[in-house]
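S.K.: My questions will all concern the structure given below.
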Amino acid sequence: MSVEEHRKRARAELGFGVLTVSDSRTARDDTSGDRLRGLALAAGHRVESSALVADDVAAIRAALLAMLAAPAVDVVVATGGTGFSPRDVTLEAVAPLFERPIEGFGELFRMLSYAEVGAAAMLSRAAAGLVGRRPVFLLPGSPRAAALGMEKLILPEAGHLLALVRQT
């Protein structure tokens with residue numbers, strides 16, 4: 001089956017979980033999380049779960065697992081904590097849960113980011129993988145970078161990916 005045929009068979013409406021990881025943001029100024037939620041809704045999807053947690057491995061992992069426990073959540077997108085500062089631990093918290101990494105996501109994200117920010121793109125540890133039969137995407141905390149990943153990679157392919165993963 002071609003990519004186009006797979007996309008046609010994919011569910012049109014998905015349930016998203018949005019996780020913001022930050023020590024400096026509050027619900028009032030969570031611009032990256034707001035942007036991700038808005039993009040999901042504008043694309044015709046539902047936002048089933050949303051949370052803001054501190055840059056702490058246990059807190060990140062607990063929030064992610066709580067989102068994945070909700071049957072209506074098909075996809076989780078996390079923003080923040082994917083750089084190299086000492087507090088950036090999102091990848092350390094989530095990568096051990098990946099049963100199947102989606103290597104191409106990080107590669108493509110950095111390629112797209114390079115076109116916008118140049119060599120600084122290599123400092124992103126954006127990543128993705130499957131936890132069970134659900135994709136989890138890790139994006140930088142910058143609103144612009146989060147939107148880039150959501151618009152160019154996640155929204156166009158999440159339904160297709162789920163259709164592939166959930167084949168029986």
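No lab work stands behind these numbers, since they all come straight from the coordinates. Note that this is a predicted model, so its numbers are computed, not measured. Every residue, glycine among them, receives a Cβ derived from its backbone with ideal geometry; neighbour counts consider all protein chains shown.
S.K.: Amide H of Arg100 versus every other amide H placed in the peptide plane: which residues, excluding those fewer than 5 positions away on the same chain, fall under 5 Å?
M.R.: Close amide H contacts, sequence-distant or interchain: Leu130.
S.K.: Okay, moving on. Can you tell me the relative contact order of the chain? Whole percent, Cα pairs under 8 Å, sequence separation 6 or more.
M.R.: Across the chain, relative contact order equals 27 percent.
S.K.: A further question on this structure: For the stretch 62-126, what's the relative contact order in percent, using C-alpha pairs closer than 8 Å and at least 6 residues apart?
M.R.: Over the stretch 62-126, the number comes to 27 percent.
S.K.: Another question, if that's okay. Residue by residue through the stretch 119-136, which ³J(HN,Hα) values in whole Hz follow from phi under the Karplus form 6.51 cos²θ - 1.76 cosθ + 1.60 (θ = phi - 60°), with glycine and proline marked x?
M.R.: Once rounded to whole Hz, the list reads 4, 4, 4, 5, 8, 8, 10, 4, 7, 7, x, 9, 10, x, 10, 10, x, 10.
S.K.: For Ala95 and Arg133, what does the FRET efficiency come to when R0 = 25 Å and r is the distance between their Cβ atoms, rounded to the nearest 0.05?
M.R.: Step by step, r from the Cβ atoms, then E = 0.90.
S.K.: Starting from 0.36 nm per residue, how many nanometres of slack lie between Gln167 and Lys152 once their C-alpha separation is accounted for? Kindly include the intermediate steps, with their values, before the conclusion.
M.R.: Numbers: separation 15, 0.36 × 15 = 5.40 nm, distance 2.45 nm.
So the chain would gain 3.0 nm between Gln167 and Lys152.
S.K.: Can you list the equivalent-ellipsoid semi-axes of the stretch 1-106, largest first and in whole Å, using the square root of 5 times each Cα gyration tensor eigenvalue?
M.R.: 25, 17, 13
S.K.: Under a Cβ-only charge scheme (Lys and Arg +1, Asp and Glu -1), can you give me the dipole magnitude of the chain about the Cα centre, in debye to the nearest 20?
M.R.: Details: 19 positive and 19 negative charges, 73 e Å.
With only Lys, Arg, Asp and Glu charged at Cβ, the dipole is about 360 debye.
S.K.: Return the loop-located GluC sites (Glu not before Pro) in the stretch 59-138 (DSSP other than H, G, I, E, B) with at most 10 other Cβ atoms within 10 Å of their own Cβ; answer none if there are none.
M.R.: Filter output for the stretch 59-138: Glu99.
S.K.: For a quick check: sort Thr82, Thr90, Thr26, Thr31 by the number of other beta carbons within 10 angstrom, fewest at the front.
M.R.: Result, fewest neighbours first: Thr26, Thr31, Thr82, Thr90.
S.K.: Sticking with this one: Hey, what number do you get for the chain at 222 nm if only DSSP H runs of n ≥ 4 count, each worth -39500 (n - 2.57), divided across all residues, to the nearest 500?
M.R.: On the way: 7 runs with 70 residues, N = 168.
Result for the chain, helices only: -12000 deg cm²/dmol.
S.K.: Compute the angle between helix 155-165 and the longest alpha-carbon principal axis of the chain, please, reported from 0 to 90 degrees and rounded to the nearest 10.
M.R.: 60
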